[in-house]
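Values quoted throughout were computed directly from the atomic coordinates according to the rules given, and no laboratory measurement underlies them. On a predicted model such as this, the values are computed, not experimentally measured, just so you know. Counting neighbours? That spans all protein chains shown, and the Cβs are built from the backbone with ideal geometry, glycine included.
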């Protein structure tokens with residue numbers, strides 16, 4: 001089918017409808033929109049009654065509100081002004097499913113006698129930072145430096161993993177890479193504790209820690225030796241293992257969602273109805289954050305895409321000919337740098353024992369979910385008029401602006 005789904009399919013549109021309705025409810029009840037959501041937090045999955053694998057929505061709402069200065073907001077519509085601009089602030093909660101698109105994930109780790117390692121997986125890198133994250137995970141699992149670790153991806157000859165799409169790339173692929181690194185590390189620890197020539201001979205393998213390619217007893221950095229030393233004595237060129245990971249079953253007794261909260265400050269020209277987003281704040285709880293820089297980049301991109309959904313993107317049908325009237329990027333509007341406001345991203349780590357050995361959840365799509373609703377709610381706060389379709393255009397607002 002053309003066009004097909006893109007980032008946040010279903011959720012981006014559905015949450016817009018739900019969160020605008022909640023904002024309208026808050027207005028009618030004369031309750032603060034953040035407070036309304038805090039009073040009605042679902043501490044368990046409402047569909048099943050199962051506990052969440054991890055939550056964090058309360059913290060997202062509170063931290064996001066603090067970052068945008070929500071406590072200074074006058075709740076009355078049309079109460080904020082900056083010259084000829086009507087100023088409004090809005091918010092929305094966000095959630096996106098933790099989905100597992102492929103059963104078994106596999107990766108290969110090979111550690112060489114010189115202390116360097118290569119990790120291979122069939123996952124792709126298309127700009128999200130996947131290889132950066134996998135390099136960190138592999139180095140941490142093996143106990144070696146980042147500079148000594150190389151990750152190779154994108155080849156179907158490598159062990160199979162799922163694609164880094166649907167907000168499950170880092171979550172699923174990193175689990176296999178981590179388990180591959182741990183398997184190699186455990187091989188060499190077992191070799192050392194069983195070797196009478198090793199300073200670690202006879203030690204409990206569980207008590208051995210590895211850092212910088214050197215094995216020592218945890219809490220006692222004295223006795224120990226490097227991977228290279230034990231491999232050299234045993235005439236080994238390398239050590240290799242395949243790591244695998246199976247996601248939890250579909251009927252796992254947990255609610256699986258990534259949570260967040262979006263906040264927006266907008267300015268609407270009182271004469272022309274032009275909307276400018278001045279500030280976006282997003283707070284998200286994606287489990288364990290493997291790399292804050294790449295995670296923030298993903299979330300910022302999603303938030304700006306949500307702004308695009310709210311104010312620019314829309315397909316126009318030529319009903320005379322049954323064709324899209326804006327079928328190319330020459331006519332289909334997307335934001336450019338001049339449209340981009342200040343964007344703040346807050347990461348809230350929550351512990352999750354269900355989504356894999358590292359407790360990771362996705363960030364690729366949650367950044368868009370809720371962003372358009374926060375902007376629409378901010379437009380209502382600025383103008384007193386609630387637009388019920390996207391994208392919000394000048395012609396929606398002009399008849400309803402103050403004279």
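Just to confirm the number: angle between the C-alpha axis of helix 371-383 and the first principal axis of the chain, 0 to 90 degrees, nearest 10?
30
Angle between the Cα long axis of helix 169-193 and the longest principal axis of the chain, 0 to 90 degrees, nearest 10?
20
Work out how much length residue 320 to residue 58 would gain on full extension: take 0.36 nm times their residue separation and subtract the Cα-Cα distance, in nm to one decimal.
Values: separation 262, 0.36 × 262 = 94.32 nm, distance 5.00 nm.
Fully extending the segment from residue 320 to residue 58 adds 89.3 nm.
Kindly express, to the nearest 10 degrees and within the range 0 to 90, the angle between helix 292-311's C-alpha long axis and the longest C-alpha principal axis of the chain.
The angle comes out near 20 degrees.
For the range 105-245, what is the percent of antiparallel DSSP beta bridges, rounded to the nearest 5?
In the range 105-245, DSSP labels about 85 percent of beta bridges as antiparallel.
May I ask you to derive the relative contact order of the range 105-245, considering only C-alpha pairs under 8 Å and at least 6 residues apart, and to give it as an integer percent? List each step's numbers first, then the result.
Working: 297 pairs, mean separation 46.5, N = 141.
Value for the range 105-245: 33 percent.
With both bridge residues required to lie in the chain, what share of the DSSP beta bridges run antiparallel, to the nearest 5%? Spell out each step's value before the answer.
Details: 50 of 61 bridges.
Roughly 80 percent of the DSSP beta bridges within the chain come out antiparallel.
Roughly what would the spin-label model give for residue 337 and residue 274, points 7 Å off Cα along C-beta, in nm?
In this crude label model, residue 337 to residue 274 measures out at 2.0 nm.
Could you order the peptides 324-333, 295-304, 389-398 from most to least packed, using the average number of other C-beta atoms within 10 Å per residue? Intermediate values should be presented prior to the final figure.
Numbers: 324-333: 11.7, 295-304: 23.1, 389-398: 16.0.
By packing density, highest mean first, the sequence is 295-304, 389-398, 324-333.
Taking the Cα centre of each part, how many Å lie between the range 1-79 and the range 311-326?
The distance from the Cα centre of the range 1-79 to that of the range 311-326 comes to 31 Å.
Count the DSSP beta bridges whose two residues both fall in the range 46-168, then state the antiparallel fraction as a percent rounded to the nearest 5. It would help to have the intermediate numbers written out before the result.
Values: 7 of 11 bridges.
Within the range 46-168, antiparallel bridges account for around 65 percent of the total.
For Cα extents along the principal axes in Å, one of (i) 66, 62, 51; (ii) 69, 48, 41; (iii) 89, 49, 41 was computed from the structure I shared and the rest are decoys. Which label?
This structure yields the entry labelled (iii).
Using a 10 Å cut-off around each Cβ, can you sort 274, 375 from fewest to most neighbouring Cβ atoms? Intermediate values should be presented prior to the final figure.
Working: 274 12, 375 31.
Least to most surrounded, the residues fall as 274, 375.
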